[in-house]
Amino acid sequence: MATEIIRLDKISRHYHVGSEIVKALQEVNISINKNEFVAMMGPSGSGKSTLMNILGCLDTPTGGNYYLNGLDVSKMTDNELAEVRNKEVGFIFQTFNLLPRSTALENVMLPLIYAGVSKHERLQRAEEALASVQLADRMHHRPNELSGGQRQRVAVARALVNKPSLILADEPTGNLDSKTSVEIIGLLEEIHRLGNTIVLVTHEEDIAEHAHRIIRLRDGNVEEDSPNDNIITFKKSEMATA
């Protein structure tokens with residue numbers, strides 16, 4: 001039986017802009033199970049960024065309920081959200097969001113520091129996470145000493161190190177060339193095969209085609225939510241030669 005990781009029940013998010021109310025999300029209902037690989041798409045203003053912020057516990061809805069791994073997080077305080085966010089969600093951003101003066105290892109250890117993990121254990125777990133993304137030989141390099149693809153691999157390792165319930169990838173290939181994009185999407189596929197739940201936010205159709213399910217948003221509503229019948233996958237040999 002499938003285990004539900006995400007359930008959005010009539011989620012709305014409204015913003016006051018001057019005297020007007022912008023309805024970014026309007027009673028959105030979505031359910032995502034463990035080990036799903038879901039792509040969220042939509043044009044500018046569709047609500048996908050607002051929805052990602054709510055999924056990642058970076059924002060709270062105006063109305064409705066959001067259940068993450070069985071917890072109703074929609075009414076939590078900022079401190080409670082921060083704790084859930086650190087424990088349950090791993091983020092991969094378009095701009096990597098790495099600390100420039102810290103090494104790859106130090107960047108990956110950061111979530112474990114917030115989680116109160118001992119120094120010995122966080123060192124071990126960060127080294128394992130970097131090895132899992134083929135960066136064992138780059139862990140003492142700073143971001144400016146790494147390529148764009150390597151920086152994104154550090155970000156992936158950081159997202160994985162806390163063993164979260166959910167991986168949120170926001171335009172993870174947006175700042176990468178086509179060859180490196182292939183490598184990162186192949187890495188996400190491998191992470192999914194290992195049992196992780198991934199929600200990928202993208203505006204690129206060829207990137208979304210790697211997901212097993214595609215949710216399309218428009219004007220704050222779910223326009224379409226359907227399985228992807230034409231899944232593109234990379235073999236490791238293709239990744240190596242791409």
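The values are calculated or read from the model by the stated rules, or taken from the named source; none is laboratory data. Predicted model, so just to flag it, every value in this text is computed and none were measured. Don't worry about glycine lacking a Cβ; one is built from the backbone with ideal geometry, like all the others, and counts go over all protein chains shown.
Residues that are modelled with pLDDT under 90 and surrounded by 15 or more Cβ atoms within 10 Å (Cβ to Cβ): does the stretch 94-111 have at least one?
The answer is yes, given that some residue of the stretch 94-111 is modelled with pLDDT under 90 and surrounded by 15 or more Cβ atoms within 10 Å (Cβ to Cβ).
Being β-branched (Val, Ile, Thr), in contact (Cβ under 8 Å) with a residue 12 or more places away in the chain, surrounded by 15 or more Cβ atoms within 10 Å (Cβ to Cβ) and closer than 22 Å to Thr233 by Cα: is that true of Val133 here? Quick ask: steps written out before the conclusion?
Working: β-branched (Val, Ile, Thr): yes; in contact (Cβ under 8 Å) with a residue 12 or more places away in the chain: yes; surrounded by 15 or more Cβ atoms within 10 Å (Cβ to Cβ): yes; closer than 22 Å to Thr233 by Cα: yes.
When the stated conditions are applied, Val133 passes them.
Only residues in the stretch 204-230 that are among the aliphatic types (A, V, I, L, M) and at pLDDT 95 or above count as the first member; pair them with residues that are surrounded by 20 or more Cβ atoms within 10 Å (Cβ to Cβ) and not in a strand (DSSP E or B), Cβ under 8 angstrom, at least 6 apart or cross-chain, and list the lot.
So the pair list comes out as Ile214/Ala208; Leu217/Gly42; Leu217/Ser46; Leu217/Gly47; Leu217/Lys48; Leu217/Leu51.
So for the stretch 69-88 (the condition being surrounded by 15 or more Cβ atoms within 10 Å (Cβ to Cβ) and of a type in the set (Ser, Thr, Tyr)), does at least one residue qualify?
yes
All but one of (1) free of Cβ contacts under 8 Å to residues at least 60 places away in the same chain; (2) part of a loop (DSSP other than H, G, I, E, B); (3) under 13 Å from the mean Cα position of the chain (by Cα) hold for Phe96, so report the exception by its number.
(1)
(1) surrounded by fewer than 22 Cβ atoms within 10 Å (Cβ to Cβ); (2) in contact (Cβ under 8 Å) with a residue 12 or more places away in the chain: which one isn't true of Lys119, the others all being true?
(2)
Residues of the stretch 107-130 being of a type in the set (Asp, Glu) and over 21 Å from Ala169 (Cα atoms), which ones?
Glu121, Glu127
Enumerate the helices (runs of 4 or more DSSP H) found wholly within the stretch 141-242, keeping only those where 1 or more residues are among the acidic types (Asp, Glu), surrounded by fewer than 21 Cβ atoms within 10 Å (Cβ to Cβ) and under 16 Å from the mean Cα position of the chain (by Cα). It would help to see each step written out before you state the result.
On the way: elements: 148-160, 178-193, 205-208, 236-241.
The qualifying helices (runs of 4 or more DSSP H) are 178-193.
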